[in-house]
Every structure is written in structure tokens, then in C-alpha cells.
Amino acid sequence: MPHVEDLLRPELADIKPYLPTAGEFRVRLDANEAPPLFGPEVGARLAEAFARVRLDRYPDATSVELRTALAARLGVEPEEVLLGVGSDEIITFLLTAFARPRRGSEPPAILTTTPTFVMYRLSARLRGERVVEVPLDAEWDLAEESLLRGIDVSEPHLIFIASPNNPTGTMATRSRLERVIEAAEGSLVVIDEAYVNYAERDQLELFRRYDNVVILRTLSKIGFAALRVGWLVGPKKLVAELDKVRPPYNMNGVSQALATVVVRDLWHDVTHLIDRVKGERARLAAELGTLAALGVTPSDANFLWVKTERPAQEVFEALSARGVLVRSFHASGGRLARQLRITVGTSEENDELTQCLRDLA
Ligand SMILES: Cc1ncc(COP(=O)(O)O)c(C=O)c1O
């Protein structure tokens, strides 16, 4: 008799669950959330919205109010917006929808860069898909020629490009990105703009210029990670197809109601939060830049990509011992062995981090 475990996908055997670092830390700068900077009036508006949610009924299956609010904010149409439980869920919709086998039975491939957000790779591997990773260049920008070769060789169904990228905080040079899009006529290019609110430009109009481009965004990095609201902007016909993959009522009623208020009525507060984080980012980068043992890559996101003179693991452990959690990439080895990713926190958190790093120098 086969054991039930023998029925599980073999890929599960070497995949670890995606879990944040466990433990008590005074300062958590590891997950790229925004610091808690909203005033009490924001909480009061959200409490009012919560009080109006009917908890006894299923929520609106089409999330029309939220899609309409987002569409108005972005200057697109509600039918061009697809909602997910975080952009994580939308990544899974894309992989499910674009899983047509190649040449009869071959699993499809996805192409992405490295280092980048791990869920593209994890979600694809989980589905038995091939993952082609093209290293970023020495400035952490798109390596155009390698990407073009990767597209030629692997004929990916999906290409995931985070811009600004996690963990490097860098934006793809526009001309390089466009060359990749133009070379990838037979692929859907997913431009993940999770951090774009912290950048000086965005890439939204590329979905109008090219019919093989969609854009991902999220509320997670601008103050509302707990709501789990992400969205895709793309051509109406494609959004309608992806909508067939979406589980019924995926967007819960509380998140729909609160996110609608955030996007429609509280955007001024969100913008203010973004400006404050950008100010702190500049201050933190300047402070860390004075430490000889560190090198800071200019960031278009709400975190810094920091090169350490000592192995990153040592610095990570020393910070953890002082109650400050950051993200280390030492386990990836190679040029990442001396890289840390540090989320911009409150002024107090940033000061505490800076002081710890000074003490370690
Ligand atoms: C580039 C990128 N895309 C998407 C996500 C996931 O965001 P969400 O919280 O909307 O699922 C993250 C989270 O870290 C990210 O770094």
C-alpha cells in the first residue's frame, strides 16, 4: 500500500515554509513593513469602517468598491484591476493560469532575476515549474544580454521583475526593462512594484504601451501589511481570465472595507507616511555611510541594502543579540555573503540600529 505521504508533490520535500524569524526582538527591521507613524484619527476612521462591516454575510465577491477606489487612484478602469490576498496570492494566480504545458507535457518555465523576491521561485517550484534565474549585474541592475539569452533559451511563460527590487532596493533601468519586454513577446512580463511608492518614478504606463505587461502593487509596504491587500493592473481581457482562478470571496469583508477607506479617503496620510519614511531613509543611509565597515546601495525602497566588511552572518548575529532583527543573505553565499537588508524604521529604531552598528565597528 502506498503511504499518503508518497502522494505529496515531490517538490515539497525540499521547500521550507515561508516564516518570519521567530523570537522576541525590540526592534524588527526585517520584513519591509512601514513603521507605525499614523495618527489616532487614521485609527478612528478605520474603526468606523470596521463597525459598518456585516460579519454575518459573505463579502462582495467582486470587491467592486475597492477596485473602483484603486482604479480612480491609479487612473485606470476597475476592470483592469484584480485583487488578491497580498500580491503573494496574485503571483499564485498568475502561475496557475499560465501553466499550459509546453510541447505536450513539459512543465512551463518562469524567468526572474537573482537576488529577488523569493516567492516567484518558491511558488513556481511548488507547482513543478522550471525556474530560470538571471543574476543582476554588478550595480544590481538588469543584466540585459543575459536576460535576452535566458528568454531565448527557456521561452518562459512568465517573467517576474521586481522594480524597485527586493532585496537590493534598486530600480531597473527603463531602457533595459523595455528591451526585455520587447524581446519577450511570447511571455507575460510581471513588473512587481511592491515598493514603488518610495521611488521617484513608476512603470505603470508600460501596461498600456505593451500588451504583454502587467503591474503588481500592494498596501503591505505603506502601512497596511495586516490587511493583506495586493492588486494587479493589466489588460481587461487578461484580468477577466485571471479572475477565473481567484477563489470565491478571497478578499475578506474587513480588508475590503478598510482598504477602501485607506485608498479613497486616507491617501493624504499614506503620502505623508511615505515622505517621512523617505526622509528617514536618507538620514539612515547617511549615518550608515559614515561607518567605514559598511557600504550602502542607494535605495528606491523602504529598506537599505548594506554591504558589510565582516561576514554578514556575524553582523546579523551581533545585532540579534542586541535585540535588533534585520535580514541577512549570508546563507545564499557568493556576493550575498556580506549583504544585509535593513528596513527603515521609526527615528528611534533607526537610531538604535545605528548605535549598535557603531558599537560593532
Ligand atoms: C517584491 C515583493 N513583491 C511582493 C511582496 C509580497 O507582498 P504582499 O504582502 O502584498 O503579499 C513582497 C513582500 O515582501 C515583495 O518584496
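Counting only DSSP beta bridges with both residues in the chain, the antiparallel share comes to about 50 percent. With contacts taken as Cα pairs under 8 Å at a separation of at least 6 residues, the range 53-266 carries a relative contact order of 29 percent. With contributions of -39500 (n - 2.57) from each DSSP H run of at least four residues, the per-residue ellipticity at 222 nm computed over the chain stands at -11500 deg cm²/dmol. Between amide H atoms placed 1.01 Å from N, distances below 5 Å from Ile159 occur with Leu111, Leu188, Val189, Val190, all of them 5 or more places distant or on a separate chain.
Highest-first packing order for the peptide set 16-29, 36-49 is 36-49, 16-29, based on the mean count of other beta carbon atoms within 10 Å.
In loop segments of the range 70-156 as defined by DSSP, the trypsin sites (Lys or Arg not before Pro) with at most 11 further C-beta atoms inside 10 Å of their C-beta are Arg103.
Under a 10 Å cutoff between Cα atoms, tell me which one of Gln313, Gln256, Gln339 has the largest fluctuation in the Gaussian network model of the chain. Answer for the Gaussian network model of the chain: Gln313.
Only lysines eight or more places from Lys307 in sequence, or on another chain, were considered; those with a Cα closer than 22 Å are Lys278. Derived scalar couplings between HN and Hα for the range 284-299 equal 5, 4, 5, 4, 5, x, 7, 8, 4, 7, 10, x, 10, 7, x, 10 Hz in order, rounded to whole Hz, by the Karplus curve 6.51 cos²θ - 1.76 cosθ + 1.60 (θ = phi - 60°), x for Gly and Pro. When the Cα positions of Leu188, Leu238, Pro115 are compared along the charge dipole of the chain, Leu238 comes out farthest toward the positive end, with charges on each C-beta of Lys, Arg, Asp and Glu. So which aspartates and glutamates can Lys237 reach, going by Cα to Cα under 18 Å and dropping same-chain residues fewer than 8 places off? Within the straight-line limit of under 18 Å, Lys237 reaches these aspartates and glutamates: Glu77, Glu79, Glu80, Glu185, Glu205, Asp211.
For Val134, nonlocal amide neighbours, meaning residues 5 or more places apart or on other chains whose placed amide H falls under 5 Å from its own, are Thr112, Thr113, Thr114.
Loop-located trypsin sites (Lys or Arg not before Pro) in the range 236-306 (DSSP state not H, G, I, E or B) with no more than 15 neighbouring Cβ atoms inside 10 Å: Lys244.
Placing +1 on each Lys and Arg Cβ and -1 on each Asp and Glu Cβ, with no other charges, gives the range 53-266 a dipole about its Cα centre of roughly 580 debye. 3J(HN,Hα) along the range 316-324: 4, 5, 5, 5, 4, 4, 8, x, 10 Hz, from the Karplus curve 6.51 cos²θ - 1.76 cosθ + 1.60 with θ = phi - 60°, whole Hz, x for Gly and Pro.
Annotation note: trypsin sites (Lys or Arg not before Pro) in the range 157-209 located in DSSP loop regions with a Cβ neighbour count of at most 11 within 10 Å are Arg201.
Globularity index of the chain is 1.01 (Cα radius of gyration / 2.2 N^0.38 Å, N = number of residues). Put a dot 7 Å past the Cα of Glu309, heading toward its Cβ, do the same for Asp6, and the two dots end up 5.8 nm apart. The 3J(HN,Hα) values that the Karplus relation (6.51, -1.76, 1.60; θ = phi - 60°) gives for the range 99-111 are, in residue order, 9, 4, x, 8, 5, x, 9, 4, x, x, 10, 10, 10 Hz. Gly and Pro appear as x.
Computed from the coordinates by the stated procedures, all read-outs in this text should not be read as laboratory data. All values derive from a computational prediction rather than experimental measurement. Ideal geometry is used to build each Cβ from the backbone, glycine not excepted, and the neighbour counts take in all protein chains shown.
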